[in-house]
Amino acid sequence: MNAHTLPPVSAGTAPVVALRDVHKSFGPLKVLDGVSFEVARGEVTVLIGRSGSGKSTALRCIDRFETIDSGEIEVCGLRVDNPQLDLRALRLDVGIVFQSYNLFPHLTIEENITLAPHSVKKVPKREAKTLAARVLEQVGLGDKLHAYPEQLSGGQQQRAAIARSLAMQPKVMLFDEVTSALDPELTGEVLKVIEALAADGMTMVMVTHEMGFARGIADQVVFMHRGKVHEAGPADILSSPATPELAQFVGTGL
Ligand code: ADP
Ligand code: MG
């Protein structure tokens, strides 16, 4: 049941991300059961739903960490479901940040950030360092270039992980519950960075349980339930859900 239809993509502009009737199973377990949604340039799509509803799998399919069984996924004009896809080209366009920040513990923050631009994009070392300084400034960590991850708080490490992604200058950012592992008092500083990115026009798809934040930032909310897009629309659907499932979800906040 789809009570709300997806909002149309602005005329003449190709969506940055499009999923069309995507199906994905792990063995007998159907995890994505005909998922479709589009993300327009400069817009923020927030994916919500209970644990196990398929949110992370949907994100991972966008970046081809998982292959799909049927349907289509298009990202920045690339067909992700094409087995011949140039994965490197895809990963240059898409930045992804997970719940665990996975910074290399033996490298400084600057080294963590310059690594991929230098080795993957062949950005010269000096330029990569300038870039690192800029993205760290952007996430409010301008003074942490030479610190090691363990010297930073969880919130700072997550901001550094976001900076590392930004240094690759992606066209779209995917965030999967990036604040879930943080103490509540550290959540705000990470959400603030994401908010600033959105205000700056970054296209993003974000899985979050922070409903207040979702309400404020989302151009589009996609509610997943049992592997389907059960309800989707503007942030208003969080205040006036059309389906009992979404009503229950926002009511309980689970
Ligand atoms: P969500 O992010 O909404 O909590 P997930 O996409 O992580 O949901 O998972 C959806 C379902 O798929 C869950 O039942 C999960 O256990 C299962 N699942 C996810 N990844 C795998 C995998 N690699 N192998 C088998 N089952 C998986
Ligand atoms: Mg998940």
TODO: Please quote Rg/Rh for the range 17-252 to two decimal places, taking the Kirkwood radius as Rh and restricting both calculations to Cα atoms.
DONE: 0.97
Open item on the list: Show me the trypsin sites (Lys or Arg not before Pro) within the range 65-124 that DSSP assigns to loop and that have at most 15 other Cβ atoms within 10 Å of their Cβ.
Closed with: LYS121, LYS122
Task: In Å², nearest 10: area of ASP183 left accessible to a 1.4 Å probe - done: 80 Å²
Task: Relative frequency of Cα-Cα separations exceeding 26 Å in the range 1-157, percent - done: 43 percent
Open item on the list: Relative contact order for the chain: what percent, with Cα pairs under 8 Å and sequence separation of 6 or more?
Closed with: 28 percent
TODO: Taking only protein heavy atoms into account and a 1.4 Å probe, give the accessible area per residue of the chain in Å².
DONE: 46 Å²
- [ ] Note the full-extension length gain between ARG20 and SER240 as 0.36 nm times their separation in residues minus their Cα-Cα distance, in nm to one decimal.
- [x] 76.6 nm
TODO: Treating the angle as unsigned and between 0 and 90°, give the value, to the nearest 10°, between the Cα long axis of helix 154-166 and the longest Cα principal axis of the chain.
DONE: 90 degrees
- [ ] Note the angle between two axes, namely the Cα long axis of helix 109-119 and the longest principal axis of the Cα atoms of the chain, as a number of degrees from 0 to 90, rounded to the nearest 10.
- [x] 80 degrees
- [ ] Leaving ligands, DNA and RNA out of it, report the carbon-plus-sulfur percent of the accessible area of the chain at a 1.4 Å probe.
- [x] 50 percent
Task: Among the listed pairs LYS24/LYS144; LYS24/LYS192; LYS122/LYS144, those beyond 30 Å (Cα-Cα) - done: LYS24/LYS144; LYS24/LYS192
Task: Helical contribution to [θ] at 222 nm, DSSP H n ≥ 4, -39,500 (n - 2.57), averaged over the chain, rounded to 500 - done: -10000 deg cm²/dmol
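The values are calculated or read from the model by the stated rules, or taken from the named source; none is laboratory data. Values in this document were obtained by computation on a predicted structure and should not be read as measured data. Every residue, glycine as well, gets a Cβ built from its backbone with ideal geometry; the counts of neighbours run over all protein chains shown. Just so you know, the surface numbers come from the protein's heavy atoms only, side chains and all, with ligands and any DNA or RNA stripped out. Shrake-Rupley method; radii C 1.70, N 1.55, O 1.52, S 1.80 Å.
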